[in-house]
Each structure stands twice: as structure tokens, then as C-alpha cells.
Amino acid sequence: MKFIIFAGGVGTRLWPLSRKNSPKQFEKILGDKSTLQLAVDRLLPDFSVSDIYIATGERYKDVVEEQLTSIPKENFIFEPETRDVGPAVGMALSIVGEKYPNVPVAILWSDHFVKKERRFREVLHFAEDLVSKNNNSLILIGQRARFANQNLGWIEFGNEIKNIRGTKVFEFKKLIYRPSLVEAEEFLKKERFSWNPGYFVTTPKFLLSQFEKFAPNLWKSLLKIQNSIGKKDFVEVMNKVYPTLDKISFDNAILEKIDPKYVFVIASDLGWSDVGAWEALKEALEVSSEQNVTKGKVLINDSLDNLVFNYTDQLVVGIDLEKMIVINTDDVLLVCHKNSVPKIKKLVEGLQNTPNVHLT
């Protein structure tokens, strides 16, 4: 089995810690290692570093190679330019698939937190076994919902079709991207919905056939890149072709169009959290929702359900705070309500072409 860990996002919802030049996946948010390093580490007890590939932007080449010295250099896949997740997934699978067209490949992400690492690896093994027996399949890995999260995608699945030593496999119905709070509350009440971490297992040959069917222009360009692998002009072809690819999400390009009969769902409690946003990070680290989660020199009194991270030597003090996010860095102080975190991305985008653009 092969693994592709994607580490190319900017992570504006974790601004001001995460920025263009130092995205969240390279920062030590949860401890002494970056979330990218943790994503690799959670695979290693069962899988080999030689089977792990890292896909990221060319601009992050130095930091990725510095943080992941155990990964073979030939397993780094560098995108010349950001073209959204659809082209990124297609390109990475084209490269891995050139050698391993029918080998199961797991698509994973570098900015997540997984508490139940053993269970996570068990599910990957189950998905590998399913895809090995049916090369023309795609296994979505869902996280059982813990609350009505409206900032994540959800998976709706159907009847149970298999039970592998207590791990249930379901029919796939559809994806729902960032539902309303009312919808999310309804999903939470039903058993046939889970959060969508964006993890899946398939074979390169099968998924590229879906690109050929549903995104033929993109597929033709990916084929040019794949055909140049191992040749002297590979870098030249990559730098010429990849920046011309249409920006499109993977869901829009493939998952919303693929025949559900090829897709299956394993929904399990992995202890998974998307730490790509401050309120999600708090939920991942807290013991109870009322708990304050702090980092650095922080003193807060008579306060409930706050996340206060201080990355400076200055003391941050709070009194009578509730459901607040406070992030203090050397050049930016962010203060907002937990429910306002989705607005951070728009605020950062608004800094373009202003005197504060350097803070993005």
C-alpha cells in the first residue's frame, strides 16, 4: 500500500499563526512536532517510510525536506504552482501510478489530528484489503460525528454491505459540503451520516479513469506529465503543463460525478479532528467544552470555553471571557468569537493590496 500525504495548503483559518510563508502544517501546533510530522509518524508502526509520498508546493521544498529527513527524496512531489485539490490529487496519483497503477493508495492530509492512531491504521488495512480485492473501487473513510459541525463536509451512506471483524462497510450515497447548522443537527441524529475527513483509498488506474471520464481535459494534461516521468524533460514538462490546469476541487471534479456503485464507506471513531481552524483545534484538545485551552504565557479568570494561544513573551490576561479565540503573535493580535472563525479567511483575503499584505 502507498500513501500520499498532501501538505500544500496555506491554512488561512489558522491565521495569524498560519501564513503563506509558514503554513499551519509546518508549525508545532500540538506539541514538539508539526502536524505534517505527526501525519507521517502515525503510519510508521505498520507501514514503511518508503511507501509514503509527500505532495506539496515547490515553495515549501526546503522546510518539507528538513522536517521529513527519513522520507526518500524521490518520494517528494512538488507542485510548481497551486491549482486546487483536483489537479493536485490527479497529478500525485499520475506520478505514483506510473509505477504502481493497481496498488492501493491512501490519500491523506497533513493538517489533521488523530487521537486513536491504532484504530486509524486498522481502518487503513481494511480499506487496503477491500481495494486489493476490487481494483475498481474507492473507499471513503468517515469520522463518526461528535457534534453538529457546520464547517466540515459530511458523508451520507446507505445499507451495510460487509462487516470485517466489527468494522462495517456501507454503500455510498452522497457528499454534503458545509451544511447549515439546522442540517448538521439533523445529520447528527441519524446513524447514516459521518464527517468527511477527505481520506480515501483507491488505485491510481481506477481514479485516473474517472478523471478521463469526468475531467477529460485535465486528464490529458496529467497524461502528459505521467508520460514524461523518468525522462530528461520531466521537470520542464511539469513546469509547463501543471500551471495551465484548471483550478477545481476534487469533489467537484470527481466525487460528485462518480457512480456510487464504485464507492464504499467505512465510518469509524478515529478521534479525528480537522485542526485547520481555531475552534476545531480547541475541540480536539479540550476535555470538556467548558474548558479553556491555552498555550504560552496566559492568565484567564472567570472564563469558560476559550482558546488563548500566546506566541510572545508578553503576558496575555483575560477576565469574564466566554467562547472566545485569542491568538497573540509578534505582529498580530487576533480576538474573535468562536462562531466568527469562518470570517478569518475573508479578512485575510481582504488584506491583499493593502499596507498589511505582508501579514498574510
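Read-outs: derived from the displayed coordinates by stated rules, not from any lab. Given the structure is predicted, the values throughout are model-derived calculations rather than measurements. Using ideal geometry, Cβ is built from the backbone for each residue, glycine included, and neighbour counts are taken over all protein chains shown.
Computed quantities for the displayed model
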item	result
Calculated from backbone phi, Karplus (6.51, -1.76, 1.60) coupling profile of the range 193-199 in Hz, x at Gly/Pro	9, 9, 5, 10, x, x, 8
Per-residue ³J(HN,Hα) for the range 230-243, Karplus 6.51 cos²θ - 1.76 cosθ + 1.60, θ = phi - 60°, Hz, x for Gly and Pro	x, 9, 5, 9, 4, 4, 4, 5, 4, 5, 7, 7, 4, x
Cα centroid of the range 337-360 to Cα centroid of the range 1-76, whole Å	24 Å
The range 284-341: relative contact order as a whole-number percent, Cα under 8 Å and 6+ apart	26 percent
Hydrodynamic radius of the range 2-277 per Kirkwood, over alpha carbon pairs, in Å	19.1 Å
DSSP bridge orientation in the chain - percent antiparallel, rounded to nearest 5	50 percent
Label-to-label distance, nm, for residues given as N136 and E322 (7 Å Cα→Cβ offset)	5.8 nm
Length added when fully stretched, L175-K116, from 0.36 nm per residue minus Cα-Cα	18.8 nm
Amide H partners (placed H, <5 Å) of I29, local residues excluded	T35
Alpha-carbon centroid distance for the pair the range 247-269 / the range 278-324, whole angstrom	36 Å
Loop-located trypsin sites (Lys or Arg not before Pro) in the range 231-265 whose Cβ has at most 13 other Cβ within 10 Å (DSSP)	K231, K232, K247, K257
Taking L218, L347 and counting other C-beta atoms within 10 Å, the order from fewest to most	L347, L218
Cα-projected label distance for L351 with K168, points at 7 Å along beta-carbon direction, nm	4.5 nm
Karplus-derived 3J(HN,Hα), 6.51/-1.76/1.60, for each residue of the range 269-281, Hz, glycine and proline x	8, 9, x, 7, 9, 8, 8, x, 9, 4, 5, 6, 5
Average Cα contact separation per residue, the range 160-244, under 8 Å, 6 or more apart, as relative contact order %	12 percent
Neighbour-count ranking [beta-carbon atoms within 10 angstrom, fewest first] of W109, W278	W109, W278
Estimated D of the range 88-188 in µm² per second, where Rh is the Kirkwood radius over Cα pairs and Stokes-Einstein applies at 25 °C, 0.890 mPa s	157 µm²/s
Antiparallel %, DSSP beta bridges [both residues in the range 207-360], to 5	30 percent
Sequence of R121, R144 once ranked by neighbouring C-beta atoms within 10 Å, starting from the fewest	R144, R121
Amide H contacts of Y199 (H built 1.01 Å from N, under 5 Å, at least 5 apart or other chain)	I141
Range of Cα positions in the range 67-131 per principal axis (Å), largest first	35, 29, 25
